[in-house]
Amino acid sequence: MASCTDICRNILLERMVFNNHSSISVPDEFLEHKNYVFNLLKSTVQNGENNSALLIGPRGSGKTLLINSVLAELEAVCDFEKDYVVIKLHGFFQTDDRIAIQEITRQLFLEEEAAGRAFGSFSENLNFLLNSLKMADRKKAKSIIFIMDEFDQFCQHKNQTLLYNLFDVCQSAQAPMAVIGLTCRMDAISLFEKRVRSRFSHRQIYLFVKPDFTRYTETFVNLLQLVRAPPGLKPIYVRSWDKSIKDLAQDPLVEGTLKKLFNLNPKLRLLQNILLVAVCRLGKNHPFLSSKDIVSAIESQTTDCKTLQLQGLSVLELQLLLCMKYLDKIYFGEPCNYEMAFYEYTKQMKSSSMQKFDRQIAMKAMEHLETLELIRPVEGVSCSKVQKEFVVYHILITSEQLTAALSKYPNLPTEVKQLADTCL
Amino acid sequence: MEINSRKENLKAEIPHREQQIEILVDIIQSNALPPFLYVYGHTSTGKSLVVQRVIESVERVQYAAIHCIECLSPRFLYESVLEQLGSQERCDNANDFARYLKQLSDTRPICIVLDKAERMRDLSDGMIIPTLTKIPEFTGLNICIVLISEIPFEKFRCGTGSLDPIQIFFPQYSKEEILDLLMKECPQPEHSSLYQTYLSMILGVFLVACRDFCELRYIAAQHWEAFMEPIHSGEIDKTQSVKLWRHLEPKLRSSLNQVYVRGPDACGTQIGLKMELPFFSKFLIIAAYLASYNPARYDRRLFVKAKEGRKNKDKGLKSLKKQKLHNAARLMGPKVFPIDRLMAIFYSIVEERVTPSLNIFVQISTLVSLKLITHTGSAAMFQGVPKYRCNAGYDLVRSLARTVNFELGRYLYDTTV
């Protein structure tokens with residue numbers, strides 16, 4: 001018998017992963033854009049017009065969400081399958097024009113008919129596909145809607161043939177078609193070739209939202225509240241849960257940390273990830289979320305990873321890193337090699353009672369630092385021409401990260417602390 | 001509850017990883033898998049072990065694991081995953097991969113685990129990570145991509161960006177945790193308190209250089225016999241820990257130089273120490289080393305006949321030693337020298353009269369093929385004077401000089417070690 005907490009937890013976990021919750025709907029500012037796109041597509045389907053548009057917005061701003069809701073509305077209004085066809089292409093997956101045309105064929109269910117044919121050029125292939133959508137009396141053809149996700153990737157194809165042909169058909173009204181591209185690059189149009197750009201309608205819709213902290217806290221509360229009692233949970237439990245979430249949102253500690261998070265990165269996806277980690281803590285012994293859960297979840301997802309890495313290094317590796325940082329300081333950023341670092345290390349360790357390591361171990365420590373990408377060989381120097389000990393490295397750690405890591409390092413020897421004071 | 005008993009079993013099996021096991025079990029066994037998980041931490045912190053055990057313990061989830069070292073091209077990756085999930089298709093691009101995933105007959109949620117994911121960053125022009133993380137959204141299936149790596153996620157970002165993962169960090173073990181873990185591997189349980197003293201001795205010496213758990217486990221296993229030896233022979237009693245420490249310490253110090261480098265012939269990896277070189281070849285290497293690491297303008301002072309040059313040499317070198325570290329030749333690396341400088345130095349350091357013959361020059365070619373000297377310069381090898389650079393290390397040259405009774409220190413411009 002699953003307890004109330006477990007049921008609640010499962011519901012919330014699902015909500016964080018699948019974006020079908022009501023609080024994740026098209027924001028009000030986008031309704032105008034949504035109607036615009038909806039009207040565009042409706043006129044393609046019902047009146048046989050040709051349209052093309054580009055939706056531009058940063059990652060996680062809701063482009064796919066908007067398109068999906070438009071398509072859902074369209075399905076309610078017009079007759080899917082009979083009047084129009086939707087073809088979805090994705091720039092990451094259709095990396096080649098050949099793969100793209102195969103995918104289009106597949107989505108139109110024309111594989112058998114295209115199988116026997118040999119096509120001379122891409123446009124022949126495309127024209128064959130479009131013609132097959134025409135009815136026998138050649139009077140009314142099915143409208144096609146192309147939705148192209150990660151649109152800027154299609155611009156990287158050779159000669160941009162797919163784009164050229166699509167926009168060409170669109171422009172010359174050979175078939176009723178709409179092309180909607182979704183991209184996160186502002187300069188997507190500048191990626192077009194001249195012939196493609198001239199055939200594009202230059203209709204661009206920008207999806208920018210000004211981040212607002214009150215909206216952010218509202219989303220936080222909406223994501224966590226249950227509101228309606230789902231099957232298996234008593235309404236009294238739902239009420240107490242919702243109240244605990246409201247109290248949590250008003251807790252000054254939570255509010256302060258949320259504000260910091262909002263200033264760092266106001267994206268919804270990050271909030272969902274954090275709440276997922278926090279909700280995982282719920283259990284029999286822990287029936288309600290506490291402010292500590294939220295704060296530690298935020299910390300685990302936004303912490304500086306390099307400082308965490310530095311805390312796991314051995315003392316020798318830290319010493320070598322400090323010596324390299326010192327050389328970096330006195331030589332104003334010139335990269336140094338292993339020999340110089342080791343020489344500095346022996347010099348600094350001359351007066352200390354700690355174990356001094358010889359070259360081989362120090363070399364291995366250096367290689368470990370390189371594997372962890374805390375130091376990186378300078379570009380342009382091929383490793384085969386230069387001996388291992390003389391390869392010059394850049395240091396990719398700042399002094400602040402080192403200081404922060406050393407303050408949290410367990411059982412740090414005092415000599416290393418003194419070394420850090422001189423070096424940083 | 002089934003979940004809690006599963007967690008307890010895993011925590012008992014894998015100690016000191018409670019927090020990570022909690023989060024992973026909760027995430028993996030919910031109905032909705034998040035699309036992208038990123039697990040990171042130092043080597044030997046148990047990342048692959050924990051992920052594997054957690055996923056295996058949840059029967060509801062299918063599991064495909066890839067080690068990215070094996071993936072020379074995306075094709076290996078796709079086909080290996082499909083094979084582990086029961087499909088026999090050939091596949092070399094992401095579109096087909098997504099299609100075959102949709103066609104799988106088994107509709108349970110899928111976890112794809114990629115170990116050492118940092119090696120995969122450059123596949124498909126750097127697009128492989130964004131593509132893989134979009135697969136759950138694109139196919140609409142319940143898939144979770146888990147990346148395991150040593151490096152923070154910020155180094156994986158490229159291009160226009162991709163989905164951000166849920167990050168799970170595996171911290172390095174502390175000294176107490178390592179002690180506890182090693183105690184579980186005690187070879188002779190009856191000596192457990194003795195083993196504990198032994199381990200604290202070992203960790204006291206080795207933990208400064210190395211916190212890698214697997215390496216420490218190997219070292220602990222290696223020296224146990226040596227530690228137990230005086231006890232078995234009755235020399236030292238079990239309780240006299242100070243004497244035991246004094247007995248063990250020299251062995252530990254000597255093997256400290258072989259941490260990470262296993263095997264009897266750990267040091268002296270350069271060929272010269274293994275094989276015997278001809279007499280003149282040794283002098284050639286020494287001459288090459290001197291040519292690389294001494295500035296050319298001090299050759300005359302150093303190598304003109306010993307009696308005449310000695311006074312000048314001493315005066316000269318004293319003032320030279322005031323040079324800044326910055327110019328220390330030994331630290332900058334070997335410099336390039338033309339062959340006639342090499343021959344000049346060679347003739348001056350070899351005591352007896354040597355006639356320049358083909359044999360000497362052939363030995364130079366042999367040294368080049370042994371990679372003790374490298375030939376620098378491009379394809380225009382036959383134009384001008386051939387130039388070389390010495391590749392031998394200081395330790396090698398010093399040991400060679402000792403075998404031929406040559407005082408290397410006297411001829412080196414910069415004697416910083």
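The values are calculated or read from the model by the stated rules, or taken from the named source; none is laboratory data. All of these numbers come straight from a predicted model, not from anything done at the bench. Please note: Cβ atoms are built from the backbone with ideal geometry, for glycine as well, and neighbour counts cover all protein chains shown.
Could you check segment A:50-75 and list, in sequence order, the residues that are modelled with pLDDT of 90 or more and of a type in the set (Val, Ile, Thr)?
A:ILE56, A:ILE67, A:VAL70, listed by residue number.
Please work out which residue is farthest from the other protein chains (Cβ to nearest Cβ), limiting yourself to segment A:395-419 and to residues that are surrounded by 15 or more Cβ atoms within 10 Å (Cβ to Cβ) and more than 23 Å from A:THR303 (Cα to Cα).
Top of the filtered list is A:LEU419.
Among what's in segment A:222-236 and is part of a helix (DSSP H, G or I) and within 33 Å of the chain's Cα centre (by Cα), pick the residue that is surrounded by the fewest Cβ atoms within 10 Å (Cβ to Cβ). Before you say what the answer is, go through the steps one by one.
To start, the set of residues in segment A:222-236 that are part of a helix (DSSP H, G or I) comprises A:222-224, A:235-236.
Those still in the list that are within 33 Å of the chain's Cα centre (by Cα) too: A:222-224.
Numbers: A:ASN222: 15, A:LEU223: 20, A:LEU224: 24.
Selected residue: A:ASN222.
Report the residue count in segment B:122-138 for those that are within 11 Å of chain A (Cβ to nearest Cβ), crowded, with 16+ Cβ neighbours inside 10 Å and more than 13 Å from B:PHE36 (Cα to Cα).
Counting residues in segment B:122-138 that are within 11 Å of chain A (Cβ to nearest Cβ), crowded, with 16+ Cβ neighbours inside 10 Å and more than 13 Å from B:PHE36 (Cα to Cα) gives 4.
What number of residues within segment B:87-121 are more than 12 Å from chain A (Cβ to nearest Cβ) and among the small types (Gly, Ala, Ser)?
Count: 3.
I need a count of the residues in segment B:383-398 that are part of a helix (DSSP H, G or I) and either surrounded by fewer than 16 Cβ atoms within 10 Å (Cβ to Cβ) or among the charged types (D, E, K, R) (or both).
Adding up the residues that qualify gives 2.
Return a yes/no flag: does segment A:112-123 have any residue that is surrounded by fewer than 20 Cβ atoms within 10 Å (Cβ to Cβ), among the acidic types (Asp, Glu), at pLDDT below 90 and part of a helix (DSSP H, G or I).
Initial filter on segment A:112-123 (surrounded by fewer than 20 Cβ atoms within 10 Å (Cβ to Cβ)): A:112-123.
With among the acidic types (Asp, Glu) added as a condition, the list becomes A:112-113.
Of the ones still in play, those that are also at pLDDT below 90 are A:112-113.
Subsequent filtering for residues that are part of a helix (DSSP H, G or I) retains A:112-113.
Yes, segment A:112-123 has at least one match.
If you scan segment B:151-178, which residues turn out to be at the interface with chain A (Cβ under 7 Å from one of its Cβ atoms) and at positive phi?
Across segment B:151-178, the qualifying residue is only B:GLY161.
Can you tell me which condition A:THR422 does not meet? The list is (1) in contact (Cβ under 8 Å) with a residue 60 or more places away in the chain; (2) surrounded by fewer than 17 Cβ atoms within 10 Å (Cβ to Cβ); (3) within 9 Å of chain B (Cβ to nearest Cβ), and all the others hold.
Result: A:THR422 passes all but (3).
From the list B:ILE151, B:ILE128, which residue is in the same structural domain as B:GLN52 (by TED's automatic domain parsing) and under 22 Å from B:ILE23 (Cβ atoms)? Before you say what the answer is, go through the steps one by one.
Values: B:ILE128 fails: under 22 Å from B:ILE23 (Cβ atoms).
Checking each option against the conditions leaves just B:ILE151.
Filter segment B:339-362 for residues that are part of a helix (DSSP H, G or I) and β-branched (Val, Ile, Thr) and give the result.
Matches in segment B:339-362: B:ILE339, B:ILE345, B:ILE349, B:ILE360, B:VAL362.
Looking at segment A:332-351 only, could you name the residues that are surrounded by 15 or more Cβ atoms within 10 Å (Cβ to Cβ) and either under 27 Å from B:LEU252 (Cα atoms) or more than 9 Å from every other protein chain (Cβ to nearest Cβ) (or both)? Steps first, please.
First, pick out the residues of segment A:332-351 that are surrounded by 15 or more Cβ atoms within 10 Å (Cβ to Cβ): A:335-346, A:348-349.
Of everything in segment A:332-351, those that are surrounded by 15 or more Cβ atoms within 10 Å (Cβ to Cβ) and either under 27 Å from B:LEU252 (Cα atoms) or more than 9 Å from every other protein chain (Cβ to nearest Cβ) (or both) turn out to be A:PRO335, A:TYR338, A:GLU339, A:ALA341, A:PHE342, A:TYR343, A:GLU344, A:TYR345, A:THR346, A:GLN348, A:MET349.
Which of the residues spanning segment A:89-104 are crowded, with 22+ Cβ neighbours inside 10 Å and at the interface with chain B (Cβ under 9 Å from one of its Cβ atoms)?
Scanning segment A:89-104 gives A:HIS90, A:PHE92, A:PHE93, A:GLN94, A:ALA100.
Out of all the residues in segment A:371-393, which are surrounded by 15 or more Cβ atoms within 10 Å (Cβ to Cβ), more than 9 Å from every other protein chain (Cβ to nearest Cβ) and closer than 18 Å to A:LEU310 by Cα?
Matches in segment A:371-393: A:LEU374, A:ILE375, A:TYR393.
Suppose we filter B:TYR289, B:TYR218, B:TYR260 for residues that are within 14 Å of chain A (Cβ to nearest Cβ) and at pLDDT 85 or above; which single one remains? Please lay out each step first, then the result.
Working: B:TYR218 fails: within 14 Å of chain A (Cβ to nearest Cβ); B:TYR260 fails: at pLDDT 85 or above.
Of the residues listed, the single one that is within 14 Å of chain A (Cβ to nearest Cβ) and at pLDDT 85 or above is B:TYR289.
Give me the residue from segment A:269-327 that is basic (Lys, Arg) and closer than 30 Å to A:GLN418 by Cα and, out of that set, nearest to the other protein chains (Cβ to nearest Cβ). Write out each step before concluding.
Filtering segment A:269-327 for residues basic (Lys, Arg) gives A:269, A:281, A:284, A:292, A:306, A:325.
Subset that is closer than 30 Å to A:GLN418 by Cα: A:306, A:325.
Numbers: A:LYS306: 6, A:LYS325: 16 Å.
For segment A:269-327, the residue satisfying everything is A:LYS306.
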